[in-house]
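J.: Have a look at this one before I ask anything.
The values are calculated or read from the model by the stated rules, or taken from the named source; none is laboratory data. Every value quoted in this text rests on a predicted model; they were computed, and no experiment measured them. Counting neighbours? That spans all protein chains shown, and the Cβs are built from the backbone with ideal geometry, glycine included.
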Amino acid sequence: MKNIVILISGRGSNMEAIVQACIAQNWSARIAAVISNKASAAGLEFAARHGIATAMVDHKQFDSREAFDTELAKVIDGYQPDLVVLAGFMRILSEGFVRHYEGRLLNIHPSLLPAFPGLHTHERAIEAGCKLAGATVHLVTPELDHGPIVIQAAVPVLPEDTGDTLSARVLKQEHQIYPRAVRWFVDGELTVAEGRVSHRSAQAQVVWAAD
(Lines give C-alpha, C1' and ligand atoms only; values in the text may rest on other atoms or scores of the structure.)
Protein backbone atom coordinates (compact mmCIF):
# COMPACT_ATOMS: atom_id res chain seq x y z
CA MET A 1 0.00 0.00 0.00
CA LYS A 2 1.60 3.24 -1.18
CA ASN A 3 1.18 6.55 0.63
CA ILE A 4 0.18 9.65 -1.32
CA VAL A 5 0.50 13.17 0.12
CA ILE A 6 -1.33 15.95 -1.71
CA LEU A 7 -0.44 19.65 -1.44
CA ILE A 8 -3.08 22.32 -2.04
CA SER A 9 -3.54 26.05 -1.57
CA GLY A 10 -7.27 26.42 -2.16
CA ARG A 11 -10.32 24.38 -3.04
CA GLY A 12 -8.25 21.53 -4.38
CA SER A 13 -10.63 20.29 -7.08
CA ASN A 14 -7.90 18.08 -8.54
CA MET A 15 -7.27 16.71 -5.05
CA GLU A 16 -10.98 15.89 -4.81
CA ALA A 17 -10.84 14.06 -8.14
CA ILE A 18 -7.83 12.02 -7.00
CA VAL A 19 -9.42 11.13 -3.65
CA GLN A 20 -12.67 10.07 -5.31
CA ALA A 21 -10.86 7.96 -7.91
CA CYS A 22 -8.73 6.30 -5.24
CA ILE A 23 -11.87 5.28 -3.34
CA ALA A 24 -13.99 4.29 -6.34
CA GLN A 25 -11.25 2.30 -8.09
CA ASN A 26 -9.84 0.73 -4.92
CA TRP A 27 -6.25 1.71 -5.62
CA SER A 28 -3.38 -0.09 -3.95
CA ALA A 29 -2.63 3.23 -2.28
CA ARG A 30 -4.10 5.64 0.24
CA ILE A 31 -4.22 9.39 0.52
CA ALA A 32 -2.11 9.67 3.66
CA ALA A 33 -2.51 13.44 4.07
CA VAL A 34 -3.61 16.67 2.46
CA ILE A 35 -1.38 19.62 3.37
CA SER A 36 -1.87 23.31 2.64
CA ASN A 37 0.07 26.51 3.07
CA LYS A 38 -3.20 28.31 3.85
CA ALA A 39 -5.51 27.62 6.79
CA SER A 40 -8.42 28.93 4.70
CA ALA A 41 -7.98 26.30 1.99
CA ALA A 42 -11.41 24.76 1.45
CA GLY A 43 -9.88 21.50 0.35
CA LEU A 44 -8.79 20.80 3.93
CA GLU A 45 -12.44 20.49 4.92
CA PHE A 46 -13.12 18.04 2.09
CA ALA A 47 -10.17 15.90 3.13
CA ALA A 48 -11.21 15.89 6.78
CA ARG A 49 -14.74 14.80 5.83
CA HIS A 50 -13.20 11.83 4.04
CA GLY A 51 -11.15 10.81 7.05
CA ILE A 52 -7.86 12.02 5.58
CA ALA A 53 -5.24 13.58 7.84
CA THR A 54 -4.68 17.29 7.21
CA ALA A 55 -1.93 19.73 8.09
CA MET A 56 -1.12 23.38 7.47
CA VAL A 57 2.29 25.01 7.14
CA ASP A 58 1.91 28.78 6.78
CA HIS A 59 4.55 30.12 4.40
CA LYS A 60 4.09 33.59 5.88
CA GLN A 61 5.70 32.42 9.12
CA PHE A 62 9.09 31.83 7.46
CA ASP A 63 11.77 34.27 6.44
CA SER A 64 12.76 32.44 3.27
CA ARG A 65 11.46 29.99 0.71
CA GLU A 66 14.11 27.49 1.78
CA ALA A 67 13.08 27.68 5.44
CA PHE A 68 9.44 27.11 4.55
CA ASP A 69 10.31 24.21 2.24
CA THR A 70 12.44 22.59 4.95
CA GLU A 71 9.56 22.66 7.42
CA LEU A 72 7.08 21.54 4.76
CA ALA A 73 9.28 18.56 3.89
CA LYS A 74 9.45 17.58 7.57
CA VAL A 75 5.65 17.52 7.76
CA ILE A 76 5.32 15.61 4.49
CA ASP A 77 7.93 13.04 5.49
CA GLY A 78 5.99 12.34 8.66
CA TYR A 79 3.49 10.55 6.42
CA GLN A 80 6.18 8.44 4.68
CA PRO A 81 5.10 9.38 1.16
CA ASP A 82 5.77 7.25 -1.89
CA LEU A 83 4.35 10.08 -4.01
CA VAL A 84 3.82 13.80 -3.44
CA VAL A 85 1.15 15.42 -5.61
CA LEU A 86 0.92 19.16 -6.26
CA ALA A 87 -2.76 19.99 -6.79
CA GLY A 88 -3.05 23.74 -7.03
CA PHE A 89 -0.22 24.35 -4.58
CA MET A 90 0.61 27.98 -5.32
CA ARG A 91 4.20 28.08 -4.19
CA ILE A 92 7.41 28.03 -6.21
CA LEU A 93 9.45 25.24 -4.66
CA SER A 94 13.16 25.45 -3.96
CA GLU A 95 15.63 23.22 -5.77
CA GLY A 96 16.46 21.42 -2.52
CA PHE A 97 12.81 20.50 -1.98
CA VAL A 98 12.40 19.25 -5.54
CA ARG A 99 15.60 17.20 -5.34
CA HIS A 100 14.43 15.66 -2.07
CA TYR A 101 11.35 14.25 -3.81
CA GLU A 102 12.94 13.68 -7.21
CA GLY A 103 11.11 11.02 -9.19
CA ARG A 104 8.11 11.03 -6.84
CA LEU A 105 6.75 14.56 -7.23
CA LEU A 106 3.91 15.21 -9.70
CA ASN A 107 2.35 18.46 -10.87
CA ILE A 108 -0.45 19.45 -13.23
CA HIS A 109 -0.20 22.61 -15.31
CA PRO A 110 -3.05 24.12 -17.36
CA SER A 111 -1.29 24.24 -20.71
CA LEU A 112 0.25 21.91 -23.24
CA LEU A 113 3.78 22.17 -21.91
CA PRO A 114 6.35 23.28 -22.83
CA ALA A 115 4.02 26.02 -24.13
CA PHE A 116 2.95 28.71 -21.67
CA PRO A 117 4.63 27.89 -18.38
CA GLY A 118 3.69 30.17 -15.50
CA LEU A 119 0.42 32.05 -15.01
CA HIS A 120 -2.47 33.23 -17.23
CA THR A 121 -2.05 30.26 -19.56
CA HIS A 122 -5.53 30.36 -21.09
CA GLU A 123 -5.46 34.05 -21.92
CA ARG A 124 -2.00 33.66 -23.43
CA ALA A 125 -3.13 30.73 -25.57
CA ILE A 126 -6.07 32.73 -26.90
CA GLU A 127 -3.91 35.79 -27.56
CA ALA A 128 -1.40 33.64 -29.45
CA GLY A 129 -4.14 32.29 -31.71
CA CYS A 130 -3.67 28.69 -30.57
CA LYS A 131 -6.14 26.19 -31.96
CA LEU A 132 -5.48 23.75 -29.12
CA ALA A 133 -5.01 24.25 -25.40
CA GLY A 134 -5.00 21.76 -22.57
CA ALA A 135 -3.30 20.43 -19.47
CA THR A 136 -0.14 18.49 -18.67
CA VAL A 137 0.77 16.16 -15.82
CA HIS A 138 4.53 16.02 -15.38
CA LEU A 139 7.25 14.97 -13.00
CA VAL A 140 8.62 18.05 -11.27
CA THR A 141 12.15 19.34 -11.86
CA PRO A 142 13.76 22.49 -10.44
CA GLU A 143 12.85 24.45 -13.59
CA LEU A 144 9.36 25.91 -13.20
CA ASP A 145 6.63 24.00 -15.07
CA HIS A 146 9.10 21.68 -16.75
CA GLY A 147 9.86 18.01 -16.36
CA PRO A 148 9.11 14.66 -18.01
CA ILE A 149 5.54 14.60 -19.30
CA VAL A 150 3.28 11.80 -18.05
CA ILE A 151 0.01 12.62 -19.82
CA GLN A 152 -1.61 15.52 -21.64
CA ALA A 153 -5.18 16.46 -22.51
CA ALA A 154 -5.92 18.68 -25.50
CA VAL A 155 -9.06 20.75 -26.01
CA PRO A 156 -9.95 22.99 -28.97
CA VAL A 157 -9.79 26.75 -28.54
CA LEU A 158 -13.14 28.05 -29.76
CA PRO A 159 -13.54 31.41 -31.56
CA GLU A 160 -15.77 32.72 -28.76
CA ASP A 161 -13.54 31.53 -25.92
CA THR A 162 -12.51 33.73 -23.03
CA GLY A 163 -9.93 32.82 -20.45
CA ASP A 164 -12.72 31.71 -18.12
CA THR A 165 -14.58 29.51 -20.59
CA LEU A 166 -11.40 27.84 -21.81
CA SER A 167 -10.22 27.34 -18.23
CA ALA A 168 -13.48 25.60 -17.30
CA ARG A 169 -13.20 23.12 -20.19
CA VAL A 170 -9.56 22.41 -19.49
CA LEU A 171 -10.31 21.85 -15.80
CA LYS A 172 -12.76 19.06 -16.70
CA GLN A 173 -9.91 17.29 -18.46
CA GLU A 174 -7.54 17.89 -15.55
CA HIS A 175 -9.96 15.95 -13.36
CA GLN A 176 -9.68 13.04 -15.79
CA ILE A 177 -5.96 12.87 -16.43
CA TYR A 178 -4.54 13.67 -12.99
CA PRO A 179 -6.12 10.68 -11.20
CA ARG A 180 -5.08 8.51 -14.14
CA ALA A 181 -1.47 9.64 -13.89
CA VAL A 182 -1.39 9.14 -10.11
CA ARG A 183 -2.76 5.64 -10.44
CA TRP A 184 -0.22 4.79 -13.12
CA PHE A 185 2.51 5.90 -10.74
CA VAL A 186 1.30 3.90 -7.75
CA ASP A 187 0.73 0.84 -9.93
CA GLY A 188 4.31 1.02 -11.20
CA GLU A 189 3.22 1.50 -14.81
CA LEU A 190 5.57 4.38 -15.63
CA THR A 191 9.16 4.31 -16.82
CA VAL A 192 11.42 7.30 -17.39
CA ALA A 193 14.33 7.24 -19.82
CA GLU A 194 16.20 10.20 -21.28
CA GLY A 195 13.61 12.62 -19.97
CA ARG A 196 10.65 10.81 -21.50
CA VAL A 197 7.90 8.98 -19.64
CA SER A 198 6.42 5.80 -21.12
CA HIS A 199 3.56 3.61 -19.99
CA ARG A 200 4.57 -0.05 -19.64
CA SER A 201 1.36 -1.26 -21.29
CA ALA A 202 1.44 1.49 -23.91
CA GLN A 203 -1.76 3.14 -22.73
CA ALA A 204 -2.52 6.43 -24.46
CA GLN A 205 -0.73 9.37 -22.87
CA VAL A 206 -2.76 11.92 -24.82
CA VAL A 207 -6.47 12.61 -24.30
CA TRP A 208 -8.31 14.44 -27.10
CA ALA A 209 -11.36 16.22 -25.75
CA ALA A 210 -14.29 16.82 -28.06
CA ASP A 211 -15.04 20.21 -26.57
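Conditions tested, residue by residue: (1) at pLDDT 95 or above; (2) surrounded by 14 or more Cβ atoms within 10 Å (Cβ to Cβ).
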position	(1), (2)
Asp164	yes, no
Gln173	yes, yes
Asp187	yes, yes
Ala202	no, no
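J.: So, one more: What number of residues in the range 110-133 are among the basic types (Lys, Arg) and either assigned to a loop (DSSP other than H, G, I, E, B) or touching a helix residue (DSSP H, G or I) at 6+ places or on another chain (Cβ under 7 Å) (or both)?
T.: Of the residues in that region, 1 qualify.
J.: Right, here's the next one. For the range 75-105, how many residues meet the condition of being among the β-branched types (Val, Ile, Thr) and surrounded by 16 or more Cβ atoms within 10 Å (Cβ to Cβ)?
T.: Residues in the range 75-105 being among the β-branched types (Val, Ile, Thr) and surrounded by 16 or more Cβ atoms within 10 Å (Cβ to Cβ): 4 in total.
J.: OK, next. Every residue in the range 1-56 that is crowded, with 19+ Cβ neighbours inside 10 Å, among the polar types (S, T, N, Q) and in a strand (DSSP E or B), please.
T.: The answer is Ser36, and nothing else.
J.: Moving to a separate point now. Tell me, which residue of the range 64-86 that is in contact with a Lys or Arg (Cβ under 7 Å, 6 or more places away or on another chain) and part of a strand (DSSP E or B) is nearest to Ile8 (Cα to Cα)?
T.: For the range 64-86, the residue satisfying everything is Val84.
Per-residue answers, yes or no, for (1) under 27 Å from Asn37 (Cα atoms); (2) outside the structural domain of Val192 (by TED's automatic domain parsing); (3) loosely packed, with under 14 Cβ neighbours inside 10 Å:
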{"position": "Ser111", "(1), (2), (3)": "yes, no, no"}
{"position": "Ala128", "(1), (2), (3)": "no, no, yes"}
{"position": "Ala135", "(1), (2), (3)": "yes, no, no"}
{"position": "Val140", "(1), (2), (3)": "yes, no, no"}
{"position": "Asp161", "(1), (2), (3)": "no, no, no"}
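J.: Please indicate, with yes or no, whether at least one residue in the range 14-24 is in contact (Cβ under 8 Å) with a residue 12 or more places away in the chain, outside the structural domain of Pro117 (by TED's automatic domain parsing) and over 19 Å from Ala181 (Cβ atoms).
T.: The answer is no; no qualifying residue exists.
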